[in-house]
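Everything below concerns the one structure shown next.
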Amino acid sequence: MEELASPAGQVIRRATVRDVQELAKVNLDSWTEAYRHLLPASEIDSLTPETLAESWHQHLTNPLPRSETWVVAQSDTVLAYSRFYPSIDSDDDSTKVATIGSIYVLPERWREGLGGSLISVVLEAIRDYGFTEATLHVLVANQRAREFYERDGWVLDAEYADVTDATSPKLRYRKKF
């Protein structure tokens with residue numbers, strides 16, 4: 001699976017190094033909008049386009065084994081992205097379980113179905129690598145994201161909660177194939 005087109009002129013494809021600046025923009029804009037009332041301002045303000053672009057350059061030029069980043073793009077503009085990799089959770093078998101580490105959509109494009117279309121493609125790519133399950137982590141307070149995942153069939157993994165950071169405790173959701 002290389003690229004999928006939609007009727008609206010959008011394409012879902014693997015990210016490339018030429019997407020670095022656009023990925024950084026989506027990352028920063030969506031992070032700021034989604035978390036500004038959920039995380040301390042110092043954490044939000046610590047992100048910069050430059051550090052995010054550098055991080056994206058590293059992810060794309062030195063990817064982890066069995067990991068990919070996918071984007072929804074229209075022309076040369078990235079509207080959304082998602083990244084997955086083998087699970088790093090100590091209670092998961094990283095040969096069987098992938099983690100969706102991020103899925104973000106430009107805030108002005110929220111509620112247009114981009115996230116749902118993207119996650120479907122990402123789950124297919126995860127299955128193509130032979131993973132049998134996927135997980136993702138969500139801030140407890142991020143009700144909007146939790147509802148999105150629950151509508152998509154993700155199940156709260158009651159056995160796991162990341163409370164190492166008391167200011168932003170997380171829950172884990174799981175989907176089996």
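Applying the condition of being in contact with a helix residue (DSSP H, G or I) (Cβ under 7 Å, 6 or more places away or on another chain) and either under 12 Å from Ala134 (Cα atoms) or hydroxyl-bearing (Ser, Thr, Tyr) (or both) to region 73-82 and asking which residue is surrounded by the fewest Cβ atoms within 10 Å (Cβ to Cβ) yields Thr77. Scanning region 37-72 for residues that are polar (S, T, N, Q), surrounded by 14 or more Cβ atoms within 10 Å (Cβ to Cβ) and over 18 Å from the mean Cα position of the chain (by Cα) yields no hits at all. Here's a check for you: in region 84-113, which residue that is closer than 21 Å to Val155 by Cβ and small (Gly, Ala, Ser) is surrounded by the fewest Cβ atoms within 10 Å (Cβ to Cβ)? Per the criteria, the residue is Ser90. Candidates Leu60, Leu47, Leu23: the one that is hydrophobic (A, V, I, L, M, F, W, C), at pLDDT below 95 and not in a strand (DSSP E or B) is Leu47. Conditions first: (1) more than 25 Å from Arg14 (Cβ to Cβ); (2) buried (at least 19 other Cβ atoms within 10 Å of the Cβ); (3) β-branched (Val, Ile, Thr). Val140 passes all but one, so which condition is the exception? Result: Val140 passes all but (2). Listed by first and then second residue, the pairs with beta-carbon distance under 9 Å, at least 6 apart or on different chains, first residue in region 1-19 and modelled with pLDDT of 70 or more, second assigned to a loop (DSSP other than H, G, I, E, B) and loosely packed, with under 11 Cβ neighbours inside 10 Å, are Gly9/Ser75; Arg13/Glu2; Arg14/Glu2; Arg18/Asp76; Asp19/Asp76. Kindly establish whether Thr32 is farther than 21 Å from Glu147 by Cβ and either under 18 Å from the mean Cα position of the chain (by Cα) or free of Cβ contacts under 8 Å to residues at least 60 places away in the same chain (or both). Spelling it out, it is not the case that Thr32 is farther than 21 Å from Glu147 by Cβ and either under 18 Å from the mean Cα position of the chain (by Cα) or free of Cβ contacts under 8 Å to residues at least 60 places away in the same chain (or both). So for region 47-59 (the condition being touching a helix residue (DSSP H, G or I) at 6+ places or on another chain (Cβ under 6 Å), under 21 Å from Tyr149 (Cβ atoms) and of a type in the set (Phe, Trp, Tyr)), does at least one residue qualify? Among the residues of region 47-59, not one is touching a helix residue (DSSP H, G or I) at 6+ places or on another chain (Cβ under 6 Å), under 21 Å from Tyr149 (Cβ atoms) and of a type in the set (Phe, Trp, Tyr), which makes the answer no.
Which one is nearest to the chain's Cα centre (by Cα), of the residues in region 144-157 that are of a type in the set (A, V, I, L, M, F, W, C) and not in a loop (DSSP other than H, G, I, E, B)? This residue is Ala145. Checking each residue in region 106-143 for being assigned to a strand (DSSP E or B) and either among the charged types (D, E, K, R) or free of Cβ contacts under 8 Å to residues at least 60 places away in the same chain (or both) picks out Glu133, Ala134, Thr135, Leu136, His137, Val138.
The values are calculated or read from the model by the stated rules, or taken from the named source; none is laboratory data. Since the structure is predicted, the reported quantities are computational estimates derived from the model, not experimental observations. Note that we place each Cβ from the backbone using ideal geometry, even for glycine, and neighbour counts take in every protein chain shown.
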